[in-house]
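Asks: Below is one structure. I have some questions about it.
Read-outs: derived from the displayed coordinates by stated rules, not from any lab. Computed from a predicted structure; not experimentally measured. In this analysis, Cβ positions are derived from the backbone assuming ideal geometry, glycine residues included, and neighbour counts consider all displayed protein chains.
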Amino acid sequence: MPETDCLTLLRNKMFYFETINNKKILKSDYLTRALHLFTTRESVVTPKNISSLKEICKNNLEEIVKYLNVKKENIITPVQTHSSNIQIAKKGHTYQDTDALIVEDTDVAIMLNFADCTPVILYDEINNVGAVIHAGWRGTASQIVPKTIRYMLHRYSTNTKDLVAIIGPAISINNYEVDKNVFDKITKTLNFAYTDYFIQDSINGKYKIDLKTVNYHQLEELGVLRIDKCEYCTYDSIDVFFSYRREKGETARHSALLKLN
């Protein structure tokens, strides 16, 4: 999809671009009471195994630190393993095997990384706490987003009506094919017979899945009213984001960050 068309589409969906030092970041109008952003190829901070990006990422991170007004050592990133494990981000701590981080400290920012999987940002406007969640198919099938909300409900008495949910850029239904085993695991997470999140190929028995829409329905079923779902496809929008599938694993990552005011 041409970038101009994507920009129009995103504006209609409440997403918009800003820049940090003339480098694009993506944000949502839905979330105004906390600082958040999705990095792009221009503002990348996670090079993975792309050595040519290391210095660029270092410089970009310095700019984002200033933008968020947070100490670099207080940007906390877990080791993601496609789990459904949830942790609360604390200064000076590291987190292994964790795919959802909750932030309750205004001096801390949380960051998770993506390259086709679905990023979800949650923010509780009453309690001023939030989360960033990595929802690939395994995380989605194990209901990592609903689990995080229930965790927040237990710890902070979060009311889902007070939550803002931002579903960021991820691979689209046209480019994400799975087998029946994966399809069945994902389908079991939903209480209603939705038909808008999959396309079945009757010839080879495969399914095309829209993980963003599955996570949208999981949020709806928990009573979350304000959900902004980004229509950007990481596979198609390779000029803006990274795609693990399209780039066959040889790629950096875009990131989702949240910092409380």
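Asks: Which of the three applies to region 115-261, rounded, prolate or oblate, going by the alpha-carbon gyration tensor with a ≥ b ≥ c and a/c under 1.5 meaning rounded?
Replies: Oblate is the answer for region 115-261, as a/c is 1.5 or above yet b/c matches or exceeds a/b.
Asks: Is any helix in the chain, taking whole DSSP H runs, at least 20 angstrom long along its axis by alpha carbon and on average at least -1.0 on the Kyte-Doolittle scale, and which ones?
Replies: 54-68
Asks: Sticking with this structure for a sec: For the charge dipole of region 3-260, defined by +1 on Lys and Arg C-beta atoms and -1 on Asp and Glu C-beta atoms about the Cα centroid, which residue among Asn215, Leu153, Leu35 has the Cα displaced farthest towards the positive pole?
Replies: Final value for the positive-end residue is Leu153.
Asks: Counting only DSSP beta bridges with both residues in the chain, tell me the antiparallel percent, nearest 5.
Replies: Numbers: 41 of 51 bridges.
In the chain, DSSP labels about 80 percent of beta bridges as antiparallel.
Asks: So which lysines can Lys72 reach, going by Cα to Cα under 23 Å and dropping same-chain residues fewer than 8 places off?
Replies: Lys23, Lys24, Lys27, Lys48, Lys54, Lys58, Lys90, Lys91, Lys259
Asks: Please compute the volume of the convex hull spanned by the alpha-carbon atoms of region 3-260 and report it per residue in Å³.
Replies: 122
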